[in-house]
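K.L.:
Okay, handing you the structure first.
Read-outs: derived from the displayed coordinates by stated rules, not from any lab. In this text, all values refer to a predicted model and were calculated from it rather than measured experimentally. A quick note on method: Cβ atoms are made from the backbone with ideal geometry, for glycine too, and the neighbour counts reach across all protein chains shown.
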Amino acid sequence: MFQRKLLSVSVMFAALSLAACGDSSDHKKTTEQPQPEQPQPEPPKTVVYKAIIASTAADYSSSDISIAATKAPFDAIRGYNIVDQSDYGVDAFEGSFYRIGRYNIDTLTRYDITAPQLPVWQFSTKASTETTTRNPYDLAFVNAEKAYLIRYEGDTAWIINPSVLQSEESAFKIGELNLSSYNDADGSPEAVAGVIVGEKLFVVMQRLDKTAGWAPGDPYIAVFDINTNTEIDTDPNDNPENVKGIKLEIKNPTSIDVVGDTLYVSGIGNYAPLERTGGIQGVNVSNYSTRIIRDDSAEGADALGQTSGIAIISPTLGYFKGYVGWQNEGLYQFNPETGEVVTEPVAGLTGLMISTLKKAPDNSLWVGIGDAVSPRVEVLDTTNNTKLGQVDLLRSPSEIAFTSTLEEVVPQ
């Protein structure tokens with residue numbers, strides 16, 4: 001009997017102990033401080049390239065901007081920033097694009113690729129003391145805070161700070177490059193393009209004499225140190241009174257590209273009267289030596305027309321436009337190392353207005369086709385010259401630029 005009582009007391013004590021433990025646990029739960037929310041990880045992002053296409057109406061009454069994906073099916077949004085002027089170029093750098101208002105427009109406008117309808121800023125490209133157009137033509141970027149604005153009219157290029165705000169116009173222009181030693185009889189060297197290679201800026205000048213019917217003179221390339229903005233003497237052993245730049249053999253340069261240590265320049269010669277004095281010339285960016293790659297005056301070269309533009313994919317693969325007449329051009333492949341040309345038009349592109357050529361970041365070739373009915377950009381695979389697709393436009397393409405942006409990775 002005593003044992004049964006003892007057992008009952010033991011069981012009762014154990015039950016009470018468990019109940020007490022349960023009460024203690026519940027009490028702890030109600031008095032714990034809430035844990036702070038853990039920050040959610042940023043969604044993964046990837047670099048995506050976009051094509052910015054400047055386009056012009058067939059009658060030159062208006063122009064716009066289109067933005068296209070650089071991967072098939074090359075989806076595009078067309079009709080940004082429509083204006084009733086047509087002479088515009090486009091350039092791009094690090095997520096922004098720049099619309100260059102040229103002859104008698106004289107403006108430069110920056111847009112962010114994520115808000116392409118809203119200008120970040122717009123400034124004039126001529127000084128208050130300059131009464132005639134300065135016809136800005138090209139941009140060459142050192143970094144986000146320094147770029148060179150190449151101006152076709154006049155004899156200076158501007159050094160600008162693209163990072164300024166609209167309210168900081170006084171900080172937009174930060175210097176000038178003097179090109180006056182290359183002036184011809186009309187008072188301007190007709191600077192048409194610029195490119196930065198390493199620590200050097202190369203400025204290509206056509207030197208067309210407007211007082212003599214735009215007759216092509218001897219074109220030059222001026223070379224500047226981008227750290228000091230001073231001109232480099234490319235031949236210090238010649239007469240000190242000579243200009244410091246590189247004299248080109250081809251006339252009327254219109255297009256440039258760079259691959260490796262070579263700056264490639266194409267020139268068209270003269271349209272009227274017809275002069276086959278153009279072609280393609282290579283310039284070594286280190287020692288400034290030059291070589292003729294294609295000579296438009298060579299026997300048989302006239303069959304493909306005058307060289308009116310280039311895109312260089314590699315030291316052994318390039319493309320040029322052959323100009324036969326107005327809205328009559330063909331696209332041809334050539335070897336920049338040997339000068340050998342494939343005379344069969346690439347992808348059947350001939351008898352067209354090939355308005356622009358541009359190499360994309362993935363080495364595809366973007367070919368602008370000017371057409372009143374079907375303006376477009378055809379995209380070619382340069383490994384086999386097959387067509388990857390096309391970007392249909394509202395107006396004929398005049399220039400193409402590429403820039404990158406970060407976009408969230410979409411789960412598959």
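K.L.:
Can you spot the lysines whose alpha carbon is less than 19 Å from Lys210's alpha carbon? Ignore those fewer than 8 places along the same chain.
P.N.:
Within the straight-line cut-off, Lys210 pairs with Lys251.
K.L.:
Over what distance in Å are the Cα centres of the stretch 196-242 and the stretch 324-364 separated?
P.N.:
If you average the Cα positions of each part, the centres end up 28 Å apart.
K.L.:
Then there is this: Considering the dipole of the chain built from charges on the beta carbon (Lys and Arg +1, Asp and Glu -1) around the Cα centre, which of Val223, Ser398, Pro273 is farthest to its positive end?
P.N.:
Of Val223, Ser398, Pro273, it is Ser398.
K.L.:
Right, next: If packing is taken as the average count of other Cβ atoms within 10 Å, what order do 399-408, 335-344 fall into, highest mean first? Each step should come with its number before you reach the end.
P.N.:
Numbers: 399-408: 16.6, 335-344: 14.8.
Peptide ranking by packing, descending: 399-408, 335-344.
K.L.:
Between Tyr271 and Glu249, 0.36 nm times their residue separation minus their Cα-Cα distance comes to what? Let's see the in-between values first.
P.N.:
Details: separation 22, 0.36 × 22 = 7.92 nm, distance 1.72 nm.
The span from Tyr271 to Glu249 would gain 6.2 nm if fully extended.
K.L.:
Relative to the present Cα-Cα distance, how much length would full extension add between Glu199 and Ser404 at 0.36 nm per residue of separation? Can you show the working numbers first?
P.N.:
Details: separation 205, 0.36 × 205 = 73.80 nm, distance 2.30 nm.
In short, 71.5 nm is gained.
K.L.:
Separate question: Mind putting a number on the dipole of the chain about its Cα centre? Charges go on the C-beta only, +1 for Lys and Arg and -1 for Asp and Glu, and I need it in Debye to the nearest 20.
P.N.:
Details: 31 positive and 54 negative charges, 345 e Å.
The calculated dipole for the chain is roughly 1660 debye.
K.L.:
Kindly state, to the nearest 0.05, the FRET efficiency for Ala171 paired with Glu299, given R0 = 51 Å and r defined as their beta-carbon distance.
P.N.:
Working: r = 56 Å, r/R0 = 1.09.
Plugging the Cβ-Cβ distance into 1/(1 + (r/R0)^6) gives 0.35.
K.L.:
In cubic angstrom, how much convex hull volume per residue do the alpha carbon atoms of the stretch 114-196 span?
P.N.:
Working: hull volume 9.5 nm³, N = 83.
Dividing the Cα hull volume of the stretch 114-196 by its residue count gives 114 Å³.
K.L.:
Under 17 Å from the Cα of Lys387, which aspartates and glutamates turn up, not counting those fewer than eight places away in the same chain?
P.N.:
Once the sequence-local aspartates and glutamates are set aside, what remains near Lys387 is Asp75, Glu344, Asp362, Glu378.
K.L.:
Same structure again: Just flag the chymotrypsin sites (Phe, Trp or Tyr not before Pro) in the stretch 229-308 sitting in loop per DSSP whose Cβ has no more than 15 other Cβ atoms within 10 Å. Display every interim value, and only then the final one.
P.N.:
Numbers: sites: Tyr264, Tyr271, Tyr288; in loops: Tyr271, Tyr288.
For chymotrypsin sites (Phe, Trp or Tyr not before Pro) across the stretch 229-308 that sit outside H, G, I, E and B with at most 15 neighbouring Cβ atoms in 10 Å, the list reads Tyr271.
K.L.:
Moving on to the next point. Measure off 7 Å from each Cα along the Cα-to-Cβ vector at Thr230 and Asp261, then give the distance between these two points in nanometres to one decimal.
P.N.:
Once both label points are built, they end up 2.5 nm from each other.
K.L.:
Per residue, how much space in cubic angstrom lies within the convex hull of the C-alpha atoms of the stretch 58-157?
P.N.:
Values: hull volume 12.2 nm³, N = 100.
Hull volume over Cα atoms, normalised by residue count, gives 122 Å³.
K.L.:
Right, another one. When the chain is treated as a GNM, springs tying every alpha-carbon pair under 10 Å, which of Lys210, Lys173, Lys359 comes out with the largest mean-square fluctuation?
P.N.:
Lys210
K.L.:
So, counting K/R as plus one and D/E as minus one, what does the shell of residues with Cβ under 13 Å around Ser364 add up to?
P.N.:
Details: positive: Lys71, Lys358, Lys359, Lys387; negative: Asp362, Glu378, Asp381.
The answer is +1.
K.L.:
Additional query: Would you work out the relative contact order for the stretch 81-376, in percent, from Cα pairs under 8 angstrom that are 6 or more residues apart? Could the numbers behind the result be given before it?
P.N.:
Working: 728 pairs, mean separation 21.5, N = 296.
In percent, rounded to a whole number, it is 7.
K.L.:
Extension gain Asp238-Glu130, at 0.36 nm per residue separation less the Cα-Cα distance, in nm?
P.N.:
Working: separation 108, 0.36 × 108 = 38.88 nm, distance 3.50 nm.
Once the chain is fully extended between Asp238 and Glu130, it gains 35.4 nm.
K.L.:
Consider all pairwise Cα distances in the stretch 60-101 and report the whole-number % of them above 16 Å.
P.N.:
Working: 386 of 861 pairs.
Taking all Cα-Cα pairs of the stretch 60-101, the fraction more than 16 Å apart is 45 percent.
K.L.:
Right, next: Mind checking which of Ser61, Thr343, Thr114 is farthest towards the positive end of the chain's charge dipole, using Cβ charges of +1 (Lys, Arg) and -1 (Asp, Glu) about the Cα centre?
P.N.:
Value: Thr114.
K.L.:
At 37 °C and 0.692 mPa s, grab the translational diffusion coefficient of the stretch 337-385 from Stokes-Einstein with a Kirkwood Rh over Cα pairs, rounded to a whole number in µm² per second. Please report the intermediate quantities before stating the final value.
P.N.:
Values: Rh = 12.0 Å.
Taking Rh from Cα pairs, D becomes 273 µm²/s.
K.L.:
Quick one: grab the alpha carbon gyration tensor of the stretch 161-202, order the square roots of its eigenvalues as a ≥ b ≥ c, and give me rounded if a/c is under 1.5, else prolate or oblate depending on whether a/b is larger than b/c. Write down the numbers at each step before the final one.
P.N.:
On the way: a/c = 3.03, a/b = 1.59, b/c = 1.91.
It comes out oblate by the Cα gyration axes.
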